[in-house]
1. Please find the FRET efficiency linking residue 95 to residue 55, where r is the Cβ-Cβ separation and R0 is fixed at 22 Å, and quote it to the nearest 0.05.
2. In whole angstrom, how far apart do the alpha carbon centroids of segment 73-147 and segment 208-251 sit?
3. Build a GNM of the chain with springs between Cα atoms under 10 Å: which of 101, 44, 174 gets the top mean-square fluctuation?
4. When the convex hull of the C-alpha atoms of segment 31-113 is computed, what volume per residue in Å³ does it have?
5. Could you calculate the contour length gain from residue 82 to residue 306, that is, 0.36 nm times the residue separation minus the distance between their Cα atoms, to one decimal place in nm?
6. So which trypsin sites (Lys or Arg not before Pro) in segment 205-237 end up in coil per DSSP with only 16 or fewer other C-beta atoms within 10 Å?
7. Taking the Cα-to-Cβ direction at residue 192 and at residue 161 and moving 7 Å from each Cα, how far apart do the two end points lie in nm?
8. Among 83, 159, which comes first, second and so on when ranked by fewest other beta-carbon atoms within 10 Å?
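Here, each number is a calculation from the coordinates, and none is a lab measurement. All values reported here derive from a predicted model rather than from experimental measurement. Cβ sites come from the backbone with ideal geometry, for glycine too, and all protein chains shown count toward neighbours.
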Amino acid sequence: MKNLFQILSGLALTIIFSLQVSAGNRQTTLPVLTNYRIPLNQKGAFIGRFVISGNFAKGNIVLQKDTAGLFRIDREGKVYLKSLTRLTAAIPGFCYGITVGFGEKSVEYNLVKDEFIHTPVVAHRGAWKNQPGSENSIGSLKSAIALGCAASEFDVWWSADHVPVICHDPSIRGKVVEKTTAKELHAIDLENDEGVPSLEQYLKTTVLQNKTRLVLEIKSSQISQQRTLELTDAVVRMVHDLKAQAWVDYISFNYGALLRIRELDPTTHIAYLKDDKSIETLASDKISGLDYPFYSFQRDSSLIGKAHKVGLTVNVWTVNDAKELVHYLNEGVDFITTNEPEQLIQLVVEKNK
């Protein structure tokens, strides 16, 4: 048995996220929840169910530590608020840590009050076009949060020294991301005295609030598919290590990367960015949604209905024109990725009047 992952330099691991390979057959060994967000205003609310495989499936599920004293787990691995417990927006705090035992193994999780914004507004590379700062920067992420976007989309590459870093293009300021160290990338001067951020920085910034989620794009390596999969492994591992599952959805143009994510985490939301697969194939492969460019829907207006019929979410990108934004709002897509989140937020408000 050999570990799929390399230890990330400088990262303090809080959980051992051991994804093992046996005779070429990868299997998920870390238990995951079907949901990490706590419904509000419901006594004894059901939160999620553990999905368990590998070595973790051998023992009983036990709630070992619950610092807030709010939760219970039944024999089927379902997590609830205690029967007389109800969380409201008025109660201070939003993130609650628990430790769960699976036989001789223990895993830590964060359960988060569901005060997340439920609108279609996804800020493309953060909010940057009409805000201070650069795209795919901590500043653009903070601006998306401050505006009240439902999610902030961003792009992740694998640096030369195996650190997940945030950048859209393969190169920045003349440096090829995959052939440059994270330290060198961070030294590149973006706007507002920022450098190229790491995924760790992005996640740690995001989990300080519970309004705006992340839509994390895995970029395809220009060196090899194996490198793409190594990046995928490292990204999923980091999300779990930092207990950020409640905040993160995944997207990619790389179908193999999405299949790997599904292998590692059978409950997380993943969406495909290319329209070269049938909706039936996406559903069969347990892809959660389609995330297509606007011209795909112009070619085939039935895509939205077909996707929703089989339970897939629909995102359209990148839509910036006001008339087109209104069109897709009226079409009932789940998400709209835009460089104009301010405009889309206002259109959502007007539509809901």
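1. Here the calculated transfer efficiency is 0.20.
2. Their Cα centres are 15 Å away from one another.
3. Maximum fluctuation in the GNM of the chain, among the listed residues, is at 174.
4. Considering the Cα atoms of segment 31-113, their hull volume per residue is 75 Å³.
5. 76.7 nm
6. Those satisfying the criteria are 211.
7. 2.6
8. Lowest count first: 83, 159.
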